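*Asks:* Pasting a structure here, questions to come.
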Amino acid sequence: MRWNLDKERQEYPLITDDLVFGHVMGKKENCIELLRRAYPELDIKDTEVLT
């Protein structure tokens, strides 16, 4: 994990960090919101999680 929150340079967690990815993909609403922001040209209304 790359969380270095010092005064010189702030690094925040990214979607590629396991905890963030798990949180986003663990809830359908979060997943849909991420996809809408990543692909605003698509009219995403629903998603299906395949495991």
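*Asks:* Taking only segment 1-46 into account, find how many residues are outside any loop (DSSP other than H, G, I, E, B) and either of a type outside the set (Phe, Trp, Tyr) or modelled with pLDDT under 85 (or both).
*Replies:* 21
*Asks:* List pairs: first residue in segment 9-21 and within 19 Å of Glu33 (Cα to Cα) and exposed (fewer than 10 other Cβ atoms within 10 Å of the Cβ), second residue of a type in the set (Gly, Ala, Ser) and at pLDDT 85 or above anywhere in the structure, Cβ distance under 6 angstrom, at least six positions apart or on different chains.
*Replies:* none
The values are calculated or read from the model by the stated rules, or taken from the named source; none is laboratory data. Note that the structure is a prediction, hence the values are computed from the model and not measured. Glycine gets a Cβ as well: all are built from the backbone with ideal geometry, and neighbour counts include every protein chain shown.
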